[in-house]
Amino acid sequence: MSLISFLNQPWDGLRKAGSSKFSQASVFVPVLGYFILFGEAANEYFELVIDADGVFSLWRVYWLYFGATFIAIAQIIFNVRCPAEIKQHGTAYEFVAKEEKTINRQRQGDIENFLKNHTYAGDEVDEMTLAARMTAYVEAQKEADPKTRRVVTGFYAAGLGMVLVPTLTTFCQIGVEAFGKVVYWIAKAAGYSPI
């Protein structure tokens, strides 16, 4: 998979990422992070935090902060630029099921004009049922605004990557420590003297 094809996620795929509780909560991280990273009381607390080697380290906090900030930026751009039909319904089926019985003539005309101007020839649209028009409309909306979709995907990916770095580092450190203890106890149980 090339980078361009990875970044070219449709809006409904980005909706899945943006609807997670972590993504939604990340919008508040920059504000909270400011108080944590740059507030006097928080700095005094973090001075007490010492890593495994006895050295003061805030790098994990910074990586988590900036990673969550990137996810928050992606979430904000998504909320501003994603077509309403995708944000509200997610799939064409949901859109048709909820809107078909209540859609007014103005909205039908807007959908027909969009399809004629963007994806289909006029004759094709005229032959479609209302449900088919609505489905084609949502399918076309999924691919709308490719540059913004790439930016949103990039921010989500960068943010997730930055959050994973301290998470995986901590996981590995705990794993190595646990493995060392298991080896120690096995060696001790087998009668070998600990090193």
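Give me the pairs, please: first residue somewhere in the stretch 144-171 and more than 19 Å from W11 (Cβ to Cβ), second residue anywhere and buried (at least 16 other Cβ atoms within 10 Å of the Cβ) and of a type in the set (A, V, I, L, M), beta-carbon distance under 7 Å, and either six or more positions apart or on two chains.
Going by the 7 Å Cβ cut-off, the qualifying pairs are V163/L64; V163/A68; P166/L64.
Among residues belonging to the stretch 121-168 that are part of a loop (DSSP other than H, G, I, E, B) and among the hydrophobic types (A, V, I, L, M, F, W, C), point out the one that is surrounded by the most Cβ atoms within 10 Å (Cβ to Cβ).
Among those residues, the one meeting the criterion is A144.
Check I103 against each of (1) part of a helix (DSSP H, G or I); (2) β-branched (V, I, T); (3) surrounded by 11 or more Cβ atoms within 10 Å (Cβ to Cβ) and name the one condition it does not meet.
Just one mismatch for I103, condition (1).
Values quoted throughout were computed directly from the atomic coordinates according to the rules given, and no laboratory measurement underlies them. These numbers come from a predicted model, not from an experiment. When we count neighbours, we look across all protein chains shown, and the Cβ atoms used for this are built from the backbone with ideal geometry, even at glycine.
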